[in-house]
Amino acid sequence: MTRSIKSILAALCLSLALTSTAFAQTDKDVHYGEGALQEMDIYPAAVADSPLVMLVHGGGWVSGDKKGLDTPARELQAEGFAVFNTDYRLASLAEKTEAFPMEAEDVQKATEYAMAHAATYNASASKVFLIGGSAGGNLVEEATIRLNEAKAETPSDRKSTRLNSSHLVI
């Protein structure tokens, strides 16, 4: 092999390595609100206009955090998704009368933040999926309803602008 071909191959390999490393990284503890728990870890997609996935942890609304979903977030990122793994204010930190709908409002606010910053992380604000387990499933369902109602100005708009959610209650 000539020296110039080796140089080109080396440059190409370095370029690919830098590209894959950049998207395997995360932005940790990005705040979407002013509260201490109103933060998320963001796992950018490698390709622009990728589906945006919101992950919401469970924990009975009183415990748990986003760290428990780090592995699934990385796996989704490896499959081509932009992942926003979010925390929310826990009911155990609030007075009982103030707890609900605080958590659902946080998930809604986190999703709005993710959609507003989607392009920065190679995500599409029109391909949004919310996923949560247990209490997180309840919160994504509530947040999805709120977001769909906020997006739609008329009942007929609600069918064409719907967000998708998936929840698992165990």
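Heavy-atom accessible area, probed at 1.4 angstrom with all protein chains present, ranks His31, His117 as His31, His117, highest first. Over region 27-127, accessible surface divided per residue gives 47 Å², non-protein components excluded, 1.4 Å probe. For Met54, the residues 5 or more places off, or on other chains, whose built amide H falls under 5 Å of its own are Phe84, Phe129, Leu130, Ile131. Each Lys or Arg adds one and each Asp or Glu subtracts one; over the other residues with Cβ under 11 Å from the Cβ of Ser50, this totals -1. Put a dot 7 Å past the Cα of His31, heading toward its Cβ, do the same for Lys67, and the two dots end up 2.0 nm apart. Under conditions of 20 °C and 1.002 mPa s, region 104-144 yields 204 µm² s⁻¹ as its translational diffusion coefficient, taking Rh as the Kirkwood radius over Cα pairs in the Stokes-Einstein equation. Computed extension length for Ala116-Ala150: 10.8 nm, one decimal, from 0.36 nm per residue of separation with the Cα-Cα distance subtracted.
The values are calculated or read from the model by the stated rules, or taken from the named source; none is laboratory data. Everything quoted here is computed from the prediction, not taken from an experiment. Neighbour counts are summed over all protein chains in view; Cβ atoms, including those assigned to glycine, are modelled from backbone coordinates with ideal geometry. Heads up: the accessible areas ignore ligands, DNA and RNA and are worked out on the full protein's heavy atoms, side chains in. Shrake-Rupley method; radii C 1.70, N 1.55, O 1.52, S 1.80 Å.
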